[in-house]
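Have a look at the structure below before the remarks.
The values are calculated or read from the model by the stated rules, or taken from the named source; none is laboratory data. Just so it is clear, the structure is predicted and the values come from calculations on it, not from any experiment. For neighbour counting, all protein chains shown are included, and Cβ atoms are generated from backbone atoms with ideal geometry for every residue, glycine included. Calculation scope for accessible area: heavy atoms of the full protein, side chains included, ligands and nucleic acids excluded. Shrake-Rupley method; radii C 1.70, N 1.55, O 1.52, S 1.80 Å.
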Amino acid sequence: MPISAFRIFFQTGAWVVLAFLVLPLLVVIPVSLTDTSFIGLPRDSLSLQHYENYFSDRDWLAATWSSIWIGAVVATLATGLGTAFSIGCWFLSNRASQIARWLLIVPILVPPVVQALGFYRFWVQLGLIDTYAGVILAHTLLALPYVSISVFAALANLDRNIIRAARGLGASVWQTTLAVVTPAARPGMMTGFVFAFIVSFDEIVSVLFITVRGVTTLPKMIWEGIQENIDPTIAAVATLLVLVTLIATAIGALRRS
């Protein structure tokens, strides 16, 4: 088979996979504009009533705000802790640090339900059930591996001779870390911050296990809406999230170009 045929085959396959992933998201848009009180396509005309319901409903807005500020706190904590851990392991670069790195990545490999059960058991003993502190702590533990991986990737190309040169010129370990290592890790820190925020904002399994009524995040609100009554407002929320994601992606692409 000629090379051009291979190229067409793989390009077609890539577009098919992309369509398979994106088209279900696009279906949400007309559903969010339905003029009915249940999930479905518009019957007589397009309507913004469900968007109006979202922006006028205190419960939806409170859940959204909770997810945003929890995500920001989690991203800040996870970035600080994950960066400190990664830089420390990078300095050590021995077998113990390698084992510690693998142990930190374990939460990514464990099924979410198993993690949530573990959180529930310990959070009951610590009195953190249905508290914002419990949710923030759980989300921080879940987000740490993503920050660690990002920072390690950023430090992979840092020449250790630069560290030796800084130390040879009289800089302390703390000064070397701040002036040399941290700037090199900054791209990974920024990436890790974004990943940590997304992990927290999107997390639902652990929230269902460790909260009751005192804490309500946006994913939990969506889940409860699906379970109790399928409100088209859920489609409006999903459309807004897709729109925000597309805008953020476009801004990032423009800044890189």
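At-a-glance table
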quantity	calculated
Residue that is nearest to M221 (Cα to Cα) [pool: residues in segment 7-64 that are β-branched (V, I, T) and outside any helix (DSSP H, G or I)]	I39
Condition met for I149 (part of a helix (DSSP H, G or I), of a type in the set (A, V, I, L, M) and in contact (Cβ under 8 Å) with a residue 12 or more places away in the chain)	yes
Candidate set: segment 228-244, residues that are in a helix (DSSP H, G or I) and open to solvent by 80 Å² or more (accessible area, probe 1.4 Å); chosen: the one modelled with the lowest pLDDT	E228
L142 being within 26 Å of T217 (Cα to Cα), open to solvent by less than 40 Å² (accessible area, probe 1.4 Å), out of contact with any Ser or Thr (no Cβ under 6 Å at 6 or more places or on another chain) and outside any helix (DSSP H, G or I)	no
Restricting segment 207-224 to residues that are closer than 30 Å to D35 by Cβ and at pLDDT 85 or above, the residue that is surrounded by the fewest Cβ atoms within 10 Å (Cβ to Cβ)	W223
Residue among A100, A96 that is of a type in the set (G, A, S) and either loosely packed, with under 12 Cβ neighbours inside 10 Å or at pLDDT 90 or above (or both)	A96
Pairs with Cβ under 8 Å, 6+ apart, first in segment 57-79 and without any contact (Cβ under 8 Å) to a residue 40 or more places away in the chain, second in a helix (DSSP H, G or I)	L61/Y54; L61/F55
Residues of segment 193-206 satisfying the condition of being of a type outside the set (D, E, K, R), farther than 17 Å from I105 by Cα and crowded, with 23+ Cβ neighbours inside 10 Å	F197, S206
Residue match in segment 142-157 (condition: of a type outside the set (A, V, I, L, M, F, W, C) and over 22 Å from L77 (Cβ atoms))	yes
Cβ-Cβ under 7 Å pairs, at least 6 apart or on other chains, segment 97-108 side closer than 16 Å to L141 by Cβ, far side aromatic (F, W, Y)	L104/F85
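A quick yes/no check of all residues on (1) open to solvent by 40 Å² or more (accessible area, probe 1.4 Å); (2) in a helix (DSSP H, G or I); (3) within 20 Å of S86 (Cβ to Cβ); (4) at pLDDT 90 or above:
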site	(1), (2), (3), (4)
W174	yes, yes, yes, no
T177	no, yes, yes, no
T191	yes, yes, yes, no
I226	yes, yes, no, no
